[in-house]
Amino acid sequence: MKTNYYLPTLLAVIIQVMVIGQTADNQITQIRKTLISTESSVVNVTYSMKSSTIHLSDLMKQAVDLNNTSLSFKNAAKTKRGDEKKELIKEALFFEKQFVIKQIEISEFIATQTYQKLDQNRNYINVLLKTIKSDDYTTNLASTLNSEAEKFIRMAKEMREEANAQPNIISKLGNLTNAEDQEVVALNKQQQVFDIIERVNPKVTIR
């Protein structure tokens with residue numbers, strides 16, 4: 001059984017934790033975006049999100065521990081023979097399977113946070129496009145990027161649905177890893193929309 005999904009999955013974890021943001025404490029993340037139009041009208045959009053940093057850190061540590069345990073049994077089996085070798089390999093495979101299951105748990109846990117962020121960004125973008133003043137080029141570009149983000153979100157959701165239909169955990173993890181990639185792209189597309197709007201509208205600040 002291969003464990004080659006380990007690094008890309010944890011990389012996706014790290015990327016998405018950075019996207020979700022850091023917390024001021026271990027309970028609540030407060031993120032405020034103040035949108036100021038060219039007419040000086042102010043729109044405050046605030047949301048709260050429970051911190052997931054500690055829980056995610058625990059899950060990642062458990063995954064690393066399971067992987068290391070599996071490797072330890074594999075290494076021990078290299079120096080043994082007969083029934084003892086078979087038993088060590090059996091234990092290695094057991095912990096390897098648990099490692100894959102833990103990665104699936106991590107991916108599903110992150111997905112909850114990611115889609116909350118994607119939905120919030122979608123709402124902010126809708127408010128911005130209705131509030132700001134900009135030229136047609138900027139509006140069209142922002143709308144195009146937003147549409148691309150929505151496309152990647154749909155693709156990611158389809159991949160996660162396909163993952164749930166897979167007959168084995170390795171295939172499921174593979175689909176979830178691919179979905180994570182699409183979700184990161186979608187988040188980046190949304191951020192590009194914010195960047196374009198800020199650049200063209202000096203009075204608009206997004207925190």
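FYI, it's all coordinate maths here, none of it is from the lab. If you're wondering where the values come from, they're calculated on a predicted model, not measured in any experiment. Don't worry about glycine lacking a Cβ; one is built from the backbone with ideal geometry, like all the others, and counts go over all protein chains shown.
Could you tell me the calculated FRET efficiency between Y137 and F109, based on Cβ-Cβ distance and R0 = 41 angstrom, to the nearest 0.05?
Numbers: r = 40 Å, r/R0 = 0.98.
It comes out at approximately 0.55.
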> How many nm separate the modelled label positions at N164 and K85, each set 7 Å beyond the Cα in the direction of the Cβ?
Replying inline: 4.4
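What FRET efficiency do you get for N126 and A76 if R0 is 41 Å and r is their Cβ-Cβ distance, rounded to the nearest 0.05? All intermediate terms of the calculation are to be shown ahead of the outcome.
On the way: r = 57 Å, r/R0 = 1.40.
Plugging the Cβ-Cβ distance into 1/(1 + (r/R0)^6) gives 0.10.
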> Under a straight-distance cross-link criterion of Cα-Cα below 17 Å, which aspartates and glutamates are reachable from K189, leaving out those fewer than 8 residues away in the same chain?
Replying inline: D119, E148, E150, E180, D181, E198
>> Give me the count of lysine pairs in the stretch 96-169 whose alpha carbons sit under 29 angstrom apart, restricted to pairs 8 or more positions apart or on different chains.
In response: 11
>> Once you place label points 7 Å from the Cα toward the Cβ at K157 and S171, how far apart are they in nm?
In response: 2.4
